[in-house]
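S.K.: Dropping the structure in here first, questions after.
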Amino acid sequence: MRSLSGIKPTGTLHIGNYFGAAKQFEELQKKGYDCFYFVADYHTLNTCPDPNELTENSWNIVLDYLAFGLDPEKSTMFLQSQVPEVVELAFILGNVTPMGLMQRAHSYKEKTDKGELINVGLFYYPLLMAADILLYDSDVVPVGQDQKQHVEIARDIAVKFNMQYNTEVFKIPEPLIREDVAVVPGTDGRKMSKSYGNTIEMFASDKELKKQVMGIVTDSTPLEEPKDPDKCNVFALYKLFATPQEQALMKEKYRAGGYGYGTAKKELLEKLMQFFKPMREKREELDKNRYYVERVLREGAQRARSAAVEKIKKVKKVTGLVGNIY
Ligand code: ADP
Ligand code: TRP
């Protein structure tokens, strides 16, 4: 069984990425899945016009992958752009994809509904993602809730292609979404996202991490009054790290009154630091050993590319494209 997923290199990982998606990457690796995890750099060209930033962030995501426990012996890691066949497949898939399906994609619809000017790259985004998924015969795609529609589009395209060409060349993938952490809230209560600037980054410096946690938005209930834990962003995040007993204890303190949000934030920060400490240390080590990281990428890309080339040959054959013969 193959598990495949990607993360866009738009910064370093935040805890929404970790609990929503990346933690599952590691769990599936542990369960013995054949894992392909890549850095979605082509996808990021759309929002990042700065070449140095794109390169640096791509590198950051690979370090993050390794630091939170992906093992290159068990998981194939690579940059999306190391396997250009994915773009070729996206182009081919575009020819069996109805316009309506693409026009309904959230990524495109949200922006056009607001009247924003968009480029073709954004419109094409779900097609490229479908190509990522179908090129490597993925069985499961671990993602957060916001990516569910994209995986469903990939399924629709695979079914349509297989029917049109009377073939089974594409496997039909399943999204894998952990319902309990499908949408991790950000410091302002909206979905945690780099594009909202409301993130808590697992690999930020101690100082920055503290600033992010202390900046969580809370209501103005005075310290002495009882508070509702279920309406509080601090508690929503604390739950991710705490045992059921610890959660019950904090709930009691909220309800009893005399317990301020500042103290709750400090408890959250402590838990968070403790949880991510080994990963943060590992990342610091890896950052000093760029040769190793380069080797991981080179070897990962070789494995990914050989699978991709085989698949593209089959796709060309069923579509009547004879480019691989001559
Ligand atoms: P961002 O929204 O910050 O740009 P990405 O789009 O790169 O993050 O997301 C990478 C992965 O992390 C995807 O699988 C996405 O569904 C998941 N993810 C991102 N934010 C969250 C969140 N707040 N809660 C749960 N999963 C998330
Ligand atoms: N679109 C995904 C995101 O914004 C990233 C991504 C690109 C992806 N290609 C993928 C995720 C293929 C899963 C599978 O987070």
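S.K.: On the basis of being open to solvent by 90 Å² or more (accessible area, probe 1.4 Å) and either of a type in the set (Gly, Ala, Ser) or in a helix (DSSP H, G or I) (or both), does Arg283 make the cut?
M.R.: Considered against the rule, which asks whether it is open to solvent by 90 Å² or more (accessible area, probe 1.4 Å) and either of a type in the set (Gly, Ala, Ser) or in a helix (DSSP H, G or I) (or both), Arg283 comes out as no.
S.K.: Any residue that is within 11 Å of ligand 2 (Cβ to nearest atom), surrounded by fewer than 16 Cβ atoms within 10 Å (Cβ to Cβ) and closer than 30 Å to Leu268 by Cβ - is there at least one of those in segment 177-196?
M.R.: yes
S.K.: Check whether at least one residue in segment 252-259 is of a type in the set (D, E, K, R), surrounded by 12 or more Cβ atoms within 10 Å (Cβ to Cβ) and more than 25 Å from Val39 (Cβ to Cβ), and report yes or no.
M.R.: The answer is yes, given that some residue of segment 252-259 is of a type in the set (D, E, K, R), surrounded by 12 or more Cβ atoms within 10 Å (Cβ to Cβ) and more than 25 Å from Val39 (Cβ to Cβ).
S.K.: Same structure again: Is there a residue being in contact (Cβ under 8 Å) with a residue 24 or more places away in the chain, among the charged types (D, E, K, R) and either on the phi < 0 side of the Ramachandran plot or more than 14 Å from ligand 1 (Cβ to nearest atom) (or both) anywhere in segment 43-63?
M.R.: No, the conditions are met nowhere in segment 43-63.
S.K.: Is it the case, given these coordinates, that Leu70 is open to solvent by less than 10 Å² (accessible area, probe 1.4 Å) and assigned to a loop (DSSP other than H, G, I, E, B)?
M.R.: Yes, satisfied.
S.K.: Can you pull out the residues in segment 119-168 that are without any contact (Cβ under 8 Å) to a residue 12 or more places away in the chain and open to solvent by less than 70 Å² (accessible area, probe 1.4 Å)?
M.R.: Across segment 119-168, the qualifying residue is only Asn162.
S.K.: Within segment 98-112, count every residue that is of a type outside the set (Gly, Ala, Ser), farther than 11 Å from Glu152 by Cβ and more than 14 Å from ligand 1 (Cβ to nearest atom).
M.R.: Summing the residues that are of a type outside the set (Gly, Ala, Ser), farther than 11 Å from Glu152 by Cβ and more than 14 Å from ligand 1 (Cβ to nearest atom) in segment 98-112 gives 8.
S.K.: Identify the residue in segment 1-36 that is among the hydrophobic types (A, V, I, L, M, F, W, C), within 11 Å of ligand 2 (Cβ to nearest atom) and not in a helix (DSSP H, G or I) and, among all such residues, is surrounded by the fewest Cβ atoms within 10 Å (Cβ to Cβ).
M.R.: Among residues in segment 1-36 that are among the hydrophobic types (A, V, I, L, M, F, W, C), within 11 Å of ligand 2 (Cβ to nearest atom) and not in a helix (DSSP H, G or I), the one surrounded by the fewest Cβ atoms within 10 Å (Cβ to Cβ) is Ile7.
S.K.: Only helices (runs of 4 or more DSSP H) wholly contained in segment 137-252 count here; list those with 2 or more residues that are in the same structural domain as Leu89 (by TED's automatic domain parsing) and of a type outside the set (S, T, N, Q).
M.R.: Result: 148-164.
S.K.: Pairs please, first residue from segment 78-103 and under 14 Å from Met129 (Cα atoms), second anywhere and in a loop (DSSP other than H, G, I, E, B), Cβ atoms under 6 Å, 6+ apart in sequence or on different chains.
M.R.: Matching pairs, first to second residue: Gln80/Ala40.
S.K.: From the list Leu135, Leu89, exactly one residue is closer than 18 Å to Pro173 by Cα, within 13 Å of ligand 2 (Cβ to nearest atom) and within 19 Å of the chain's Cα centre (by Cα). Which is it?
M.R.: Leu135
S.K.: I need a count of the residues in segment 42-56 that are part of a helix (DSSP H, G or I) and within 11 Å of ligand 2 (Cβ to nearest atom).
M.R.: So the count comes out to 3.
S.K.: Working carefully through the options Tyr238, Tyr326, Tyr292, find the one that is aromatic (Phe, Trp, Tyr) and modelled with pLDDT under 95.
M.R.: Tyr326
S.K.: If you go through segment 206-215 one residue at a time, do you hit one that is under 25 Å from Asn60 (Cα atoms) and open to solvent by less than 20 Å² (accessible area, probe 1.4 Å)?
M.R.: Yes, some residue in segment 206-215 is under 25 Å from Asn60 (Cα atoms) and open to solvent by less than 20 Å² (accessible area, probe 1.4 Å).
S.K.: Take the conditions of a type outside the set (Asp, Glu) and within 12 Å of ligand 2 (Cβ to nearest atom) and apply them to Val39. Does it pass?
M.R.: yes
The values are calculated or read from the model by the stated rules, or taken from the named source; none is laboratory data. Nothing here was measured: the structure is a model prediction, and the numbers come from that model. Every residue, glycine as well, gets a Cβ built from its backbone with ideal geometry; the counts of neighbours run over all protein chains shown. Please note that ligands, DNA and RNA were not included when accessible areas were found on the heavy atoms of the full protein model with its side chains. Shrake-Rupley method; radii C 1.70, N 1.55, O 1.52, S 1.80 Å.
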